[in-house]
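The values are calculated or read from the model by the stated rules, or taken from the named source; none is laboratory data. Nothing here was measured: the structure is a model prediction, and the numbers come from that model. Here Cβ is always computed from backbone atoms with ideal geometry, including for glycine, and neighbour counts include all displayed protein chains. The accessibility values were calculated without ligands, DNA or RNA, using every heavy atom of the protein model including side chains. Shrake-Rupley method; radii C 1.70, N 1.55, O 1.52, S 1.80 Å.
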Amino acid sequence: MTSVAEPGGLTWVSTSVSDPLTQPMLRELGHEYSTRYGKDAHSELARYPAEEFAPPHGVLLLLLEHGEPISGGAFRRYDATTAELKRIWTHSAHRRRGLAKRVVAELERVARTRGYRRVHLTTGPRQPEARELYLAAGYTPLFDTGADPETIGPLPFEKYLTGEPAGSPDSSEREV
């Protein structure tokens, strides 16, 4: 586990699915998915092996406040140049603070340092907050935004990463 402190008492931690710090995220995501999609939604959290969210091709990040996880997310390798965002989460007691947007931006930054040039993600049709987050963060919807989301199923988005590629003299050395 590695960490990077930020001003204001917030700390980024790169960790694993098995870390006890990850349990609040997994528990709330499981509850959220089940509430919106039914009890089989818990299987979504077990869909990918934990290794897919580990370096060198993936990452699982948590944002801690006073040592407690308040937001987080992960990415996995989608293809050689594309990272796929997964598990974007903000603790229910800390929503409406812009934390999910910070998580997405940090995941994009780490993906860029790992050499990814594009980010792909899907969100469920019953998660309008997530849909709005990705639109506000500059993601391009790969579906008809005028259609009823329930008729589409998972809503795919993409974003091409800009900035200095990994290993360039101006790229950020900060890795989480």
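Structure summary
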| quantity | calculated |
| --- | --- |
| Probe 1.4 Å, all protein chains present, accessible-area order of Ser18, Ser71, largest first | Ser18, Ser71 |
| Heavy-atom accessible area ranking, 1.4 Å probe, most first, across His120, His66, His94 | His66, His94, His120 |
| For the chain, the longest site-free run once GluC sites (Glu not before Pro) in DSSP loop states with at most 14 other Cβ atoms within 10 Å are removed | 1-172 |
| Nearest-10 value in Å² for the accessible area of His31, using the 1.4 Å probe | 120 |
| Ratio of Rg to Rh over the stretch 38-142 (Cα coordinates, Kirkwood Rh, two decimals) | 0.94 |
| Apportionment of accessible area to carbon and sulfur, the stretch 28-173, percent (1.4 Å) | 51 |
| Cα lying deepest toward the dipole's positive end in the stretch 26-70, options Ala54, Gly67, Thr35, charges on Cβ | Thr35 |
| Solvent exposure, largest accessible area first (probe 1.4 Å, DNA, RNA and ligands not counted), of Thr123, Thr162, Thr140 | Thr162, Thr140, Thr123 |
| The stretch 10-37 versus the stretch 78-130: alpha-carbon centroid distance in Å | 14 |
| Size of charge dipole - the chain - debye, nearest 20, with Cβ of Lys, Arg +1 and Asp, Glu -1, no other charges | 120 |
| If the convex hull is drawn through the Cα atoms of the chain, its volume per residue in Å³ | 119 |
| HN-Hα J in Hz across the stretch 154-161 - Karplus 6.51, -1.76, 1.60, θ = phi - 60°, x for Gly and Pro | x, 9, x, 9, 9, 8, 8, 7 |
| Unit charges at the beta carbon, dipole of the stretch 88-133: most positive-side option, Gln127, Tyr116, His94 | Tyr116 |
| Accessible surface, per residue, of the chain when the full set of protein chains is kept, probe 1.4 Å, Å² | 51 |
